[in-house]
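Everything below concerns the one structure shown next.
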Amino acid sequence: MSAANFENLCTGFCELARVPSPELGADGDGMLAFHVDWHGVTVNVMYLPSQAREHAFVMFDLGDAQGQPLDEVLILRALLRANFMALQPNPPCFACHPLSGAVVLQCVFPVLDAAPAGLLTLIDEGVTLALQWREGFFIDDTPTPPVA
């Protein structure tokens with residue numbers, strides 16, 4: 001995958017999504033990236049060929065765990081349980097952004113021979129998860145036992 005191919009993938013996604021296509025320019029590290037606000041969820045798509053030539057990384061901003069009506073520890077434990085249950089190659093991963101503290105969903109997107117429709121599908125699925133998380137933080141009615 002080359003930078004030009006990544007740009008074509010992003011342009012194709014933007015056409016399918018009916019959002020403006022950004023001009024992509026590499027930053028100092030050679031990373032190409034763009035973001036889109038999709039149904040109220042900020043989604044960042046990043047490609048760093050020097051680190052992962054065959055993959056792009058898609059990050060969804062779910063929101064803050066702090067200041068929610070539920071305890072932050074319960075919220076974060078639910079995310080850890082969700083990570084544990086995702087037994088598949090390159091599973092999506094919930095994390096906390098190191099700078100903002102926001103909860104994020106990180107996905108790996110294989111870009112070799114990728115079609116814009118595949119990126120749109122991934123973004124749709126990630127946004128659906130983000131919106132589900134915002135509704136109830138993936139916490140059921142069963143109290144989580146304290147960690148000893």
Which number in (1) among the charged types (D, E, K, R); (2) over 13 Å from the mean Cα position of the chain (by Cα); (3) crowded, with 17+ Cβ neighbours inside 10 Å marks the one condition that Asp61 misses?
(2)
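When you look at Gly28, is it at positive phi and not in a helix (DSSP H, G or I), yes or no?
no
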Taking the condition of being over 16 Å from Pro116 (Cβ atoms) and of a type in the set (S, T, N, Q), how many residues in the range 16-42 meet it?
1
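Every read-out reported here was derived from the displayed coordinates using simple, explicitly stated rules and does not represent laboratory data. Here the structure is a predicted model, which means the values were calculated and not measured. Cβ: placed from backbone, ideal geometry, glycine included. Neighbour counts: every protein chain shown.
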